[in-house]
Amino acid sequence: MSNWKVLSTEVVFENDYMTVRNDKVINPRGGKNTYGHVQFKNKAIAIVPIDEEGNTWLVGQDRYTLGMKTWEVPMGGGSADENPLDAAKRELREETGLTATTWSQIMRLHLSTSLTDEEGIVFVAQDLTEGDTDFDETEDIEVRKVPLGEAIAMIARGEITDASSVAALLRITAAV
């Protein structure tokens, strides 16, 4: 139960993916504030594919919001009414061409708690079969197969900075 009291809410922007609100609130200490709140309409779904040799797959994408290419685990959005595992299977196939027969959900994340209620769900995919990718129109993806240890080293070198990817890969190594 939250100690914040909402006095009013105004939607200032909305599209197919998110709603941005200005909320006038009374904070837990009694002061008045205006809070920007981004509500995403999809869940963030991330997948760490791991083969029998301990390799994983990363995707390199030119991210518009950052103005640069980033290396990440395969990920995408799953609508609120879609089973997260179904979304994970779709995103893995679209971005890497991989399908998997063994799936495990390993964590749930809140991705930026000061601005949004966005939730992320992370899966591990194993027993992999390679196939063809099916990129979305906005995706120009480079797929790279690397040893899991190299992916961790990329985090240490600052080459992987996406929060979901960092958390997912570190979670995998913590469980090993």
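Points worth noting:
Yes/no matrix, rows are residues, columns are (1) crowded, with 17+ Cβ neighbours inside 10 Å; (2) over 27 Å from M107 (Cβ atoms); (3) in contact (Cβ under 8 Å) with a residue 12 or more places away in the chain:
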site: K5; (1), (2), (3): no, yes, yes
site: T19; (1), (2), (3): no, no, yes
site: N33; (1), (2), (3): no, yes, no
site: V73; (1), (2), (3): yes, no, yes
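- Selection status of V166, out of contact with any strand residue (DSSP E or B) (no Cβ under 9 Å at 6 or more places or on another chain) and either under 14 Å from V73 (Cβ atoms) or assigned to a helix (DSSP H, G or I) (or both): yes
- D134 vs. criteria touching a residue at least 40 places away in the same chain (Cβ under 8 Å), more than 18 Å from T56 (Cα to Cα) and part of a loop (DSSP other than H, G, I, E, B): yes
- Yes/no for V25 being over 26 Å from L92 (Cα atoms) and loosely packed, with under 15 Cβ neighbours inside 10 Å: no
- Criterion: closer than 17 Å to N55 by Cβ, free of Cβ contacts under 8 Å to residues at least 40 places away in the same chain and not polar (S, T, N, Q) - qualifying residue of I152, I172: I152
- Within the range 43-85, being more than 25 Å from T173 (Cα to Cα) and either of a type in the set (D, E) or not assigned by TED's automatic domain parsing to the domain that holds L128 (or both) holds for D62, D81, E82.
Every residue, every condition in (1) among the β-branched types (V, I, T); (2) modelled with pLDDT under 95; (3) surrounded by fewer than 18 Cβ atoms within 10 Å (Cβ to Cβ); (4) under 18 Å from G60 (Cβ atoms), yes or no:
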| residue | (1), (2), (3), (4) |
| --- | --- |
| A100 | no, no, no, no |
| Q105 | no, no, yes, no |
| S114 | no, yes, yes, no |
| T138 | yes, yes, yes, yes |
| V146 | yes, no, yes, yes |
| G149 | no, no, yes, no |
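- V12 vs. criteria exposed (fewer than 12 other Cβ atoms within 10 Å of the Cβ), more than 14 Å from the chain's Cα centre (by Cα) and at pLDDT 95 or above: yes
- The residue of the range 54-90 that is nearest to I160 (Cα to Cα), among those that are modelled with pLDDT under 95 and not in a strand (DSSP E or B), is L66.
The values are calculated or read from the model by the stated rules, or taken from the named source; none is laboratory data. In this text the structure is predicted, and so the values were computed from the model without any measurement. All Cβ positions, even for glycine, are placed from backbone atoms using ideal geometry, and neighbour counts span all protein chains on display.
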